[in-house]
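Down below is the structure, laid out as structure tokens.
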Amino acid sequence: MALEAVMRQSEAAAAPETGTGKPVIQVEDLSLTFETADGPVYALSEVKLTIDEGDFVSFIGPSGCGKTTLLRVIADLERQTAGRISVNGVTPEEARLKRAYGYVFQAPALYPWRTVERNVMLPLEIMGMSAAERKERAARYLDLVNLKGFEKKFPWQLSGGMQQRVSIARALCFEPDLLLMDEPFGALDEITRDHLNEQLLRLWERTGKTVVFVTHSIPEAVFLSSKIVVMSPRPGRIIDVIDCKLPRDRTLDIRESQAFAEIAHRVREGLRAGHSYDD
């Protein structure tokens, strides 16, 4: 597919549809340049995107395309050099100070000397929540990620997948409406990753949260998402925004369907077209 055709398709898909929900994240002409000793690095260029309430949106693209950088701008961990972004109608800094989102990193980032329960309770301790409320919330969210009974274990006693579920419970425990996830399953084996994909989908169904998810995996993006944002190599641009109209109660078997294959093909075509920026 020619790049111009893909870009026209992207502009049409990026326009918010009527009745799709309240906009949670709005990005307008956003660019980001890092100044380094070797000269400027252009990470993002003129990104335009709207993410609605209740969406599960995956960012996908080649390594170095700015997927994580865009996620970090949403989280106020990086600042754009041009353009505008709002999260729930306020700046990312205001959203961060209001604890409007939970963030799940590529590695679980758990303290080895704290039990599973105390790792989950850490943000609540920082917030000054009472001990009883901390304990109740930790129990509730560990149960939500199927880790009831592991409260007194230490991270080193858990598998990698279980550690990442602790990280998800910690991100959810202060009850944000928005969950930001930076390749949380990228280091796991395929069997564990498939299992956690199914669990995450069920979690999204049960909580109704807005999720923004970074991945390198086309099957993972198609399986999880309500929308897929395809990005070009650096500087990161949005090549396509794909509505993933698979049923929300999907199982792994759906990956054998024609509908799944067609969406995956469109993602792959967008990724191929994006590489022409390097020509």
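The values are calculated or read from the model by the stated rules, or taken from the named source; none is laboratory data. Just so it is clear, the model here is predicted, and its values are computed rather than measured. A quick note on method: Cβ atoms are made from the backbone with ideal geometry, for glycine too, and the neighbour counts reach across all protein chains shown.
Please work out which one of (1) at pLDDT 95 or above; (2) closer than 30 Å to Ala264 by Cβ is the condition Ser86 fails and give its number.
Status for Ser86: all satisfied but (2).
Identify all residues within region 247-259 that are under 20 Å from the mean Cα position of the chain (by Cα) and either farther than 18 Å from Glu198 by Cβ or surrounded by 13 or more Cβ atoms within 10 Å (Cβ to Cβ) (or both); write none if there are none.
Arg250, Leu252
Could you count how many residues in region 151-178 are of a type outside the set (S, T, N, Q) and outside any helix (DSSP H, G or I)?
11
Could you list, in sequence order, the residues of region 124-151 that are under 26 Å from the mean Cα position of the chain (by Cα) and exposed (fewer than 12 other Cβ atoms within 10 Å of the Cβ)?
Glu125, Ile126, Lys148, listed by residue number.
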